[in-house]
Amino acid sequence: MNIAVVGTGYVGLVTGACFASSGNNVICVDIDENKIDSLKKGIVPFFEPGLEDIVKTNIKEKRLSFTTDIKNAIENSSIIFIAVGTPQSEDGAADISYVLNVAKSIGEYINDYKIIVTKSTVPVGTTEKVRDSIKSCSDIKFDIASNPEFLKEGAAVEDFLKPERVVIGIENPEPGEILKELYSPFMRSQDRAITVSIRSSELSKYASNAMLATRISFMNEVAKLCELVGADVSDVRSVMGSDKRIGRHYLYPGLGYGGSCFPKDVRALVNTAKENNYELKICASVDQVNYDQRVHFFGKIQQFFNGNLEGKNFGIWGLSFKPNTDDIREAPSLFLIDEILEHGASLTVHDPSSMQHVKDIYGDRIEYAKSNYKVCENKDALIICTEWSEYRQPDFQRISKLMNSQVIFDGRNLYNRNMLEKKGFKYFAFGI
Ligand code: NAD
């Protein structure tokens, strides 16, 4: 099939590269010329394990190409995926202007029958707005569909190639069958397509993210209670997770969720409800608890230093919002960097992949270390923000020698407090 994917971010590029890998001809479009220039050379401008190999292979096989020329991409494809960003706007709603800009271009350049698919996470009713926008410019027949993406950054390729489900929201059965056929190479052992109405499809993506975010915020509240009553949250989590009805995923307390999806999607869902004169009380609290968790963690640091961080020297391990990505959108580390600098302390940071993005924001206001051990030199405390695997079993003796004082604030509950206290560290984490 001839496919166009508009937007070459984490979702669009993975979608385009994976569809090319199953034999389709894919044109990926973006308005960012630098991005397209580097993609044409096979260089992926962000970190996503395994993606660059697939991109390079499919460019070589001439199944995958990149352009800023949306007219050409639209004219030469029969299925168009819209995968542009839907960031949060000022009032908390999703900003769908990028999606509607693409719809306008499709209306302008559509030359024969096509299926137009919203893959971006969009509020209920957006795909219909895309349809109406195209219809207002052209009489050519087309179908619309909603196909929200469930991949996780850091495991995006794997998630796309082995999806747990493919959600297809349609108005007419025919485009649904074509989309199922397109996804069939990734569902060979079992048909994982779930065909629903367009509105249910759009809402299911938000509801899924909100549910996952709820589990995290719920567990963070349980962790706070553990601290107050002298329980250990890892024990409580083990007991809870052993119940099949609850399961073990997304029950880890810590600095809370960040990234380009959960925060904005929870707020967008709250906003959708508000527009329909309904209050989503749980989701609003989930968002608040998530923010409070960062404040609570910084409070632990302040309390240890008797409210005075002036002149103190901190180190941070981990900047990205989660491991295996360079994405720092809504990362808790940024909140802590701001607070630490504002309170007159200095800071050295390390992250395996996202240091440049942080440098773009903070420049020389903080120091950037080449290794996680270098961060520890002459520090009054070490702060863990992201659970990268290389931070999980460090050489604590080495750290102890490098630091001014042996203090660790662990925002991801990576270590065993008894073990660290035996080594002479003061250790602070969540729910213990
Ligand atoms: P992103 O910000 O990484 O990429 C979006 C891309 O769209 C950018 O490269 C931008 O230049 C391009 N763009 C904007 N307007 C354009 C236009 N008119 N024409 C062509 N290109 C245009 O975004 P992302 O993280 O890939 O997310 C895309 C969508 O998928 C969002 O709705 C997001 O909520 C959703 N989503 C993201 C993830 C994730 O893990 N990142 C997972 C599932 C769903």
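No value in this document is a laboratory result; all are computed from the given coordinates. On a predicted model such as this, the values are computed, not experimentally measured, just so you know. Here Cβ is always computed from backbone atoms with ideal geometry, including for glycine, and neighbour counts include all displayed protein chains.
How high is the FRET efficiency between E171 and D91 when r is their beta carbon distance and R₀ equals 25 Å, given to the nearest 0.05? Mind dumping the intermediate values first?
On the way: r = 29 Å, r/R0 = 1.18.
Efficiency, rounded to the nearest 0.05: 0.25.
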Completion exercise
In the neighbourhood of S405 defined by beta carbon distances under 11 Å, the net charge of the other residues (Lys, Arg +1; Asp, Glu -1) is +2
Handout entry: Global geometry of the chain, whether rounded, prolate or oblate, following the gyration tensor of its Cα atoms and the 1.5 cut on a/c
Key = prolate
Practice task
Find how many whole Å separate the alpha carbon centroid of the range 1-70 from the alpha carbon centroid of the range 197-250.
Solution key: 35 Å
Problem - In sequence order, calculated HN-Hα J values of the range 110-124 (Karplus, 6.51, -1.76, 1.60; Hz; x Gly/Pro) - result: 4, 10, 7, 4, 9, 9, 9, 10, 8, 9, 4, 6, 10, x, 3
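Mind listing which trypsin sites (Lys or Arg not before Pro) in the range 330-384 are in a DSSP loop and have 14 or fewer other Cβ atoms within 10 Å?
K370
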Practice task
With unit charges on the beta carbon (Lys/Arg positive, Asp/Glu negative), name the residue among Y278, F321, I301 whose Cα is farthest towards the positive pole of the charge dipole of the range 268-362.
Solution key: I301
Completion exercise
With a 20 Å threshold on alpha-carbon distance, the violating pairs from K370/K401; K244/K322; K119/K162 are K244/K322
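Indicate, rounded to the nearest 5 percent, the antiparallel portion of the DSSP beta bridges found entirely in the chain.
Numbers: 3 of 46 bridges.
Of those bridges, close to 5 percent are antiparallel.
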Handout entry: Vicinal HN-Hα couplings computed from phi for the range 345-352 (Karplus, 6.51 cos²θ - 1.76 cosθ + 1.60; Hz; Gly/Pro x)
Key = 9, 10, 8, 10, 10, 9, 8, x
Exercise for the section: List every residue whose amide H lies under 5 Å from the amide H of A381, counting only residues 5 or more places away in sequence or on a different chain, with H placed 1.01 Å from N in the peptide plane. Expected result: N313, G315
Fill in the blank from the handout: Under 5 Å from the placed amide H of I110, counting only residues 5+ away or on other chains, we find none
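Give me the net charge for the shell around N25: Cβ to Cβ below 13 angstrom, other residues only, Lys and Arg +1, Asp and Glu -1.
Within the 13 Å Cβ shell, the charges total +1.
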